[in-house]
């Protein structure tokens, strides 16, 4: 029988916890990649010497793996019409400026 809606989960793995195989695979991948760092640096240096545009493209392709994307947590993805918005503070209201 399924648990009634609204009741807390009892037992099992907690939400967001990786299974053992995923965790082991991730650790293996990280250890392999750590050993590749000198070769990646060397390869990027060679590409930079040969073609600056390709070098920059490679770097921009790597950025998402090291720099997280900014997400808007205040509007839930909805557009904001700035012309209709009111200022946070009275002193920021242009209509009341002296």
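The values are calculated or read from the model by the stated rules, or taken from the named source; none is laboratory data. This one's a predicted model, so the numbers in the text were calculated from it and none came from an experiment. Because the Cβ atoms are built from the backbone with ideal geometry, glycine has one as well, and the counts that use them run over all protein chains shown.
For (1) in a helix (DSSP H, G or I); (2) at pLDDT 85 or above; (3) touching a helix residue (DSSP H, G or I) at 6+ places or on another chain (Cβ under 9 Å); (4) closer than 24 Å to residue 33 by Cβ, each residue gets a yes or a no:
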{"residue": "61", "(1), (2), (3), (4)": "yes, yes, no, yes"}
{"residue": "69", "(1), (2), (3), (4)": "no, no, no, yes"}
{"residue": "78", "(1), (2), (3), (4)": "no, no, no, no"}
{"residue": "83", "(1), (2), (3), (4)": "no, no, no, no"}
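Pairing residues of the range 54-66 that are surrounded by 12 or more Cβ atoms within 10 Å (Cβ to Cβ) with residues that are part of a helix (DSSP H, G or I), at Cβ distances under 6 Å and at least 6 apart in sequence or on separate chains, gives 55/47; 55/48.
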